[in-house]
Amino acid sequence: MRKIKELKNWVEGYSSIKTAVEELQLAYDFYRDEVVTEEEVDQTYNHALELIETLEMKNMLSKEEDKLGAVIKIVAGAGGTEAQDWADMLFRMYQRWAERQGYKVEITNIQDGDEAGIKTVTMQFDGEMAYGYLKSENGVHRLVRVSPFNAQGKRMTSFTSVYVVPLVDDTIEIEINPGMLSWDTFRSSGAGGQNVNKVETGVRLHYKFVNPVTNQPDEIVIENTESRSQFGNKDNAIRLLKSQLYELELEKRRAASAAVEAGKKKIEWGSQIRSYVFDDRRVKDHRTNYQTSNVNAVMDGDIDAFIKAYLMEFAE
């Protein structure tokens, strides 16, 4: 049924474009006969172009993992309180984007900043093609602004990293060695009622394994505090572990085909994928050179143009 639905979407997309192109030809003929205006022809043209570009972008998301949900982990980098506030702003940006797309978002772990903002947050995006779109956000995001946390009102630069992995579902088989798995429990903090604070419902998973990318011993540590149930948190932690292991396997495949650069970039100057310069009212992606002056719209989740520019240039 999933395959049929996927094929049906392609057929319907093609049919919509075919109809739009025929209507455009008709509109042009009517314009020559002075039945419609030039503006009406332009509107018909723009509608056809939008449908074509939308289907082209969808064609860039043809890999197995692209159709899955996504897990985003945001980690504040260099910059102290300013960076933690920046991490919180990105957290809000992705929440707003998910609302626009109709995706369900769950916060599986969050650590508040010392004075403001957050140190880290892990978010799950449930919905078709969530990973395909959000993989373009993987990297370091740089903020330049006059900091409200600086007494001298100086312009400051801070960095936050965004890690994106596919959220595996029951169609993906991932093997986990139980002997390499261990658990800690702790009391969850934050909202959730008296039960959360009194009972050790939070879980911390440790998984030791040989990293398939580096062939070196490695460890994955995952904290989950979303549910009031320890069993629920353990189940979701296992799902997040499978997601990370799946991403490592994908990375190994990409490395084998020389599709991505080896090595991770540090959360510091020179490694950013995108810069948000509030004073100059400019957001620029350094990979595609796409930029916009509508900073407020971007921070409210309007990042589709950045995603589109990345996919059209770099997706296979």
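The values are calculated or read from the model by the stated rules, or taken from the named source; none is laboratory data. Quick caveat: nothing in here was measured; it's all calculated off a predicted structure. Because the Cβ atoms are built from the backbone with ideal geometry, glycine has one as well, and the counts that use them run over all protein chains shown.
Does region 189-204 include one or more residues that are surrounded by 14 or more Cβ atoms within 10 Å (Cβ to Cβ) and at pLDDT 85 or above? Give the steps one after another, and end with the answer.
Keep residues of region 189-204 that are surrounded by 14 or more Cβ atoms within 10 Å (Cβ to Cβ), which gives 192, 196, 199, 201-204.
Add one more test, that the residue is at pLDDT 85 or above, and what stays is 203-204.
For region 189-204, residues surrounded by 14 or more Cβ atoms within 10 Å (Cβ to Cβ) and at pLDDT 85 or above: present.
Take region 135-147 and flag every residue that is out of contact with any helix residue (DSSP H, G or I) (no Cβ under 7 Å at 6 or more places or on another chain) and closer than 19 Å to Gly77 by Cβ.
Here is the first cut: in region 135-147, the residues out of contact with any helix residue (DSSP H, G or I) (no Cβ under 7 Å at 6 or more places or on another chain) are 135, 137-140, 142, 144-146.
Answer for region 135-147, where residues must be out of contact with any helix residue (DSSP H, G or I) (no Cβ under 7 Å at 6 or more places or on another chain) and closer than 19 Å to Gly77 by Cβ: Glu137, Asn138, Gly139, Val140, Arg142, Val144, Arg145.
Name the residues in region 30-72 that are among the β-branched types (Val, Ile, Thr) and within 30 Å of Asp169 (Cβ to Cβ), would you?
Selection gives Thr54, Val71, Ile72.
Considering only residues that are surrounded by 12 or more Cβ atoms within 10 Å (Cβ to Cβ) and over 23 Å from the mean Cα position of the chain (by Cα), look in region 152-181 and name the one that is nearest to Lys104 (Cα to Cα). Write out each step before concluding.
Quick first cut of region 152-181, residues surrounded by 12 or more Cβ atoms within 10 Å (Cβ to Cβ) only: 155-169, 172, 174, 176, 180-181.
Now drop any that are not over 23 Å from the mean Cα position of the chain (by Cα), which leaves 155-156, 176, 180-181.
Details: Arg155: 36, Met156: 34, Ile176: 27, Met180: 32, Leu181: 29 Å.
So the residue we want is Ile176.
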